[in-house]
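Please read the structure below before turning to the comments.
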Amino acid sequence: MSAAPEFIPAQLEQWRARMEQALARRLPPRERLPERLHEAMRYSVLGGGKRVRPILLLATARSLGLAEEQVEAAACALELVHVYSLVHDDLPAMDNDDLRRGRPTCHKAYDEATALLVGDALQSLAFELIARDPCLPDSPAVRVRLVGVLAEAIGSVGMAGGQAIDLESEGRKLGIEQVEQLHSLKTGALIRASVMMGAACVPGLDARLERALAGFAAPIGLAFQIQDDLLDELGDTATLGKPAHSDRERGKSTHPAILGIAASQERVRRLSAAALESLAPLGAQADPLRAVAEWLLARRN
Ligand code: GRG
């Protein structure tokens, strides 16, 4: 089952625009004390970005018959956590990058201490939205499930754990299985959470559909990271909005470095085919997710 091609640009653009507004509304105003911290939070979150994770959540919600309004706050929480991870990852103690989303990184535009606090405060705000935002389904059970899925995905057995392994692996050659395990934590866990938080918003969701969504999310998360590594290798800094060829310069073990370009592209194709196959039990109602998968794998930045 393939999605109508016109669904992709029009709907994705609408979702992206919706997220810009939803995030801008939920971030503290820059005039509120402490002004510099709030300004830096807004600079980091509202400075572009594809909004991949919120869009995945919105597409999952649509596939399960939920309205956008019901999951918008959860989608904001995902993006806030993602931006926190980027701001911390760019710090000198981690990847030490100067450019992100085509602009100076948070610690370059402000300072390192502010960047640390921006990440901390964005993570807090994410969980506050899940706990309190009036737009989420009026169900404590749904909120608790959302907290659990997101917290697990970004902790030491998820994104932060993946980042730790990545830092420990610098200067060492990893095998392809180790690289995939690292990616599944560092990048894959939050991508999986984007889909599974959509599922968590539906009380009593059929276990078969939940399994189908999990079977979609895992390979898409890995394919997304391999695609990112291919873009790092093949793209240019202006299009990417962040330094190109940085993996090669840092001697990172990636799919392109280990398998070469063609085999990495083939791995992306196979993973995305497996992801799409998993959606079969949802039938045509999962077309929004199919469209997002197509977009993710055709992206240029
Ligand atoms: C600091 C706890 C902690 C974790 C950092 C996300 C991350 C882990 C590091 C960022 C570096 C990196 C290249 C991670 C791989 C994930 C990835 C592809 C991030 C970029 O996501 P996009 O393409 O970025 O969605 P935009 O800017 O479009 O939101």
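If you go through region 53-84 and pick out every residue that is within 30 Å of residue 205 (Cα to Cα), within 16 Å of the ligand (Cβ to nearest atom) and out of contact with any His (no Cβ under 8 Å at 6 or more places or on another chain), you end up with 15.
Sub-8 Å Cβ pairs linking a first residue in region 22-39 that is within 18 Å of residue 73 (Cβ to Cβ) and surrounded by 12 or more Cβ atoms within 10 Å (Cβ to Cβ) to a second residue that is modelled with pLDDT of 95 or more and β-branched (Val, Ile, Thr), at least 6 apart or interchain, are 23/45; 27/45, ordered by first then second residue. Just one of the numbered conditions (1) more than 14 Å from the ligand (Cβ to nearest atom); (2) surrounded by 23 or more Cβ atoms within 10 Å (Cβ to Cβ) is not true of residue 45: (1).
Checked against (1) over 18 Å from residue 128 (Cβ atoms); (2) near the ligand (Cβ under 8 Å from one of its atoms); (3) touching a Gly at 6+ places or on another chain (Cβ under 6 Å), residue 94 passes all but condition (3). Here 175, 204 are screened, and the one residue that is touching a residue at least 12 places away in the same chain (Cβ under 8 Å), more than 14 Å from the ligand (Cβ to nearest atom) and surrounded by fewer than 15 Cβ atoms within 10 Å (Cβ to Cβ) is 175. Keeping to region 40-57, report how many residues are free of Cβ contacts under 8 Å to residues at least 60 places away in the same chain and in a helix (DSSP H, G or I). Looking only at that region, the number is 1.
Residues that are near the ligand (Cβ under 10 Å from one of its atoms), crowded, with 21+ Cβ neighbours inside 10 Å and assigned to a helix (DSSP H, G or I) within region 153-162 comprise 154, 159, 162, listed in sequence order.
Yes/no matrix, rows are residues, columns are (1) away from the ligand (no atom under 14 Å from the Cβ); (2) in a helix (DSSP H, G or I); (3) more than 30 Å from residue 169 (Cα to Cα):
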position: 108; (1), (2), (3): yes, yes, no
position: 115; (1), (2), (3): no, yes, no
position: 118; (1), (2), (3): no, yes, no
position: 131; (1), (2), (3): yes, yes, yes
position: 134; (1), (2), (3): yes, no, yes
position: 138; (1), (2), (3): yes, no, yes
position: 143; (1), (2), (3): yes, yes, yes
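Residue count for region 238-266 under the criterion of being surrounded by fewer than 17 Cβ atoms within 10 Å (Cβ to Cβ), part of a helix (DSSP H, G or I), within 14 Å of the ligand (Cβ to nearest atom) and touching a residue at least 60 places away in the same chain (Cβ under 8 Å): the result is 2.
A Cβ distance below 8 Å, combined with a sequence gap of six or more or placement on separate chains, defines the contacts here; from region 215-228, residues that are modelled with pLDDT under 95 reach residues that are charged (D, E, K, R) and within 11 Å of the ligand (Cβ to nearest atom) in the pairs 225/186; 227/299. Please enumerate the residues belonging to region 109-130 that are of a type in the set (A, V, I, L, M, F, W, C) and surrounded by 15 or more Cβ atoms within 10 Å (Cβ to Cβ). 109, 115, 116, 117, 118, 121, 122, 125, 126, 127, 129, 130, listed by residue number. Of everything listed in (1) crowded, with 24+ Cβ neighbours inside 10 Å; (2) over 17 Å from the mean Cα position of the chain (by Cα), the single unmet condition for residue 191 is (2).
The values are calculated or read from the model by the stated rules, or taken from the named source; none is laboratory data. All values derive from a computational prediction rather than experimental measurement. Ideal geometry is used to build each Cβ from the backbone, glycine not excepted, and the neighbour counts take in all protein chains shown.
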